[in-house]
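Undergrad: Please see the structure below; I have some questions.
The values are calculated or read from the model by the stated rules, or taken from the named source; none is laboratory data. Treat the numbers as computed from the prediction; the structure is a model and nothing was measured. Here Cβ is always computed from backbone atoms with ideal geometry, including for glycine, and neighbour counts include all displayed protein chains.
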Amino acid sequence: MQKAKSNDNPNQTKHAHWKNVKKYTPFYLMLILPVIMLGVFSYGPMYGIIIAFKDFSPGLGMWRSPWNNFDHFTRMFNDFLFLRALRNTIWISLLKIIISFPAPIIFALLLNEVRQMTFKKITQSVSYLPHFMSWVILSSMIVEVFSPQRGIINYFIGLFGVEPIHFLASKAAFVPILVGTDIWKELGYAAIIYLATMSAIDPGLYEAADMDGANRFHKMIHITIPSIMPMIIVLFILRLGAILNAGFDQILNLYNPMVYEVADIIDTYVYRAGLEQFQLDYATAVGLFKNIVGILLIVFANMLIRRKSEHGIW
């Protein structure tokens, strides 16, 4: 009887599988266009990384250009400007991970405790708004706020007899401005996923905690945070993999030659090398290096976290 049961199980599993496929056929059809777009615009152009290993000449084309025996990668690690950009990228990204990453978690936890629904909805709407504005618009606002002639900050410190400060040209002030404005732009939108995760927590857990005499702080620490921890871990792994993405749009629209020493990152370095100096092959090599490091960091972080817990991306 057991043998007959084992023979029937594969058929039942196969039948259930095709039943699910038939049930969700409209959703599979909806995926066709996104998958095609992903292949055409994300995976299709990847063949272009071959020029990172060549002395690319537009006249000869990609395939006929000569191989360079990894000269671009050798040049990369001997270039002071690249090493400076790498250092700045890691430093700015680490600051954003340490300061910006926990900010939406804290905001979501605090917002989850608000019981006045009108105030909660208004706060959410106001906090979401900057995310939907481009850095071109936001940078114009930030420049005006910190302007030494028209800025509101310099106006207030001028009331105390302090001379106007050009914040965006100050090496000491520029990086804190980057971190602060990054939090301002993404705080509300990044908190959405945590609020959605909190809404799925079993209310019975809170009711049981109430019966045990737990206050709201205890429930946050012992129920809410452990419940959203898997989501925090997944997002942290993905954020760690993007450690060499320090915010190209933000920095490109805010920085200037006065702060290159602390603000020039890999992406702006690639932008200048590739589009301004037309060194497409060298810029491709730098970009390839950055992406390989990002993939390795994701794999390593996921492997490390899986050893310590059951959570991870895979």
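Undergrad: Please find, among 200, 242, the residue that is farther than 25 Å from residue 183 by Cβ and not hydroxyl-bearing (Ser, Thr, Tyr).
TA: Exactly one residue qualifies, and that residue is 200.
Undergrad: Only one of (1) closer than 23 Å to residue 224 by Cβ; (2) under 18 Å from the mean Cα position of the chain (by Cα) is not met by residue 182, so which one is it?
TA: Evaluating residue 182 over (1) closer than 23 Å to residue 224 by Cβ; (2) under 18 Å from the mean Cα position of the chain (by Cα) leaves (1) as the failure.
Undergrad: Could you count how many residues in region 239-251 are farther than 14 Å from residue 292 by Cβ and either buried (at least 17 other Cβ atoms within 10 Å of the Cβ) or of a type outside the set (A, V, I, L, M, F, W, C) (or both)?
TA: Residues in region 239-251 being farther than 14 Å from residue 292 by Cβ and either buried (at least 17 other Cβ atoms within 10 Å of the Cβ) or of a type outside the set (A, V, I, L, M, F, W, C) (or both): 7 in total.
Undergrad: Further, regarding this structure: Would you check if residue 81 is of a type outside the set (Lys, Arg), in a helix (DSSP H, G or I) and closer than 30 Å to residue 279 by Cβ?
TA: Yes: the conditions hold for residue 81.
Undergrad: Report the residue count in region 255-266 for those that are under 19 Å from the mean Cα position of the chain (by Cα), over 14 Å from residue 96 (Cβ atoms) and assigned to a helix (DSSP H, G or I).
TA: Going through region 255-266 one residue at a time, the tally reaches 1.
Undergrad: If I filter region 169-179 for residues that are under 16 Å from residue 106 (Cβ atoms) and modelled with pLDDT of 90 or more, do I get at least one hit?
TA: yes
Undergrad: So if I check each of 233, 243, which one is in contact with a His (Cβ under 6 Å, 6 or more places away or on another chain) and either touching a residue at least 24 places away in the same chain (Cβ under 8 Å) or not small (Gly, Ala, Ser) (or both)?
TA: Matching residue, one of 233, 243: 233.
Undergrad: Kindly provide the set of residues from region 79-130 that are of a type in the set (D, E, K, R) and over 18 Å from the mean Cα position of the chain (by Cα), ordered by number.
TA: Residues satisfying the conditions are 79, 84, 87, 113, 115, 120, 121.
Residues are listed down the side, and each one gets a yes or a no for (1) closer than 19 Å to residue 136 by Cα; (2) of a type in the set (S, T, N, Q); (3) modelled with pLDDT of 90 or more:
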| site | (1), (2), (3) |
| --- | --- |
| 194 | no, no, yes |
| 209 | no, no, no |
| 216 | no, no, no |
| 224 | no, yes, yes |
| 240 | no, no, no |
| 249 | yes, no, yes |
| 257 | yes, no, no |
| 267 | yes, no, yes |
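Undergrad: Here is a further query. How many residues, within region 155-168, are modelled with pLDDT of 85 or more and β-branched (Val, Ile, Thr)?
TA: Summing the residues that are modelled with pLDDT of 85 or more and β-branched (Val, Ile, Thr) in region 155-168 gives 2.
Undergrad: Any chance region 159-172 includes a residue that's assigned to a helix (DSSP H, G or I), assigned by TED's automatic domain parsing to the domain that holds residue 93 and either touching a strand residue (DSSP E or B) at 6+ places or on another chain (Cβ under 8 Å) or of a type in the set (Gly, Ala, Ser) (or both)?
TA: Within region 159-172 (the criterion being assigned to a helix (DSSP H, G or I), assigned by TED's automatic domain parsing to the domain that holds residue 93 and either touching a strand residue (DSSP E or B) at 6+ places or on another chain (Cβ under 8 Å) or of a type in the set (Gly, Ala, Ser) (or both)), the answer is yes, since at least one residue qualifies.
Undergrad: Filtering region 187-234 down to residues that are assigned to a helix (DSSP H, G or I) and of a type in the set (S, T, N, Q), which residue is farthest from residue 99 (Cα to Cα)?
TA: Within region 187-234, the match that is farthest from residue 99 (Cα to Cα) is 199.
Undergrad: Out of (1) buried (at least 17 other Cβ atoms within 10 Å of the Cβ); (2) on the phi > 0 side of the Ramachandran plot, what's the single condition that is false for residue 161?
TA: Unmet for residue 161, out of (1) buried (at least 17 other Cβ atoms within 10 Å of the Cβ); (2) on the phi > 0 side of the Ramachandran plot: (1).
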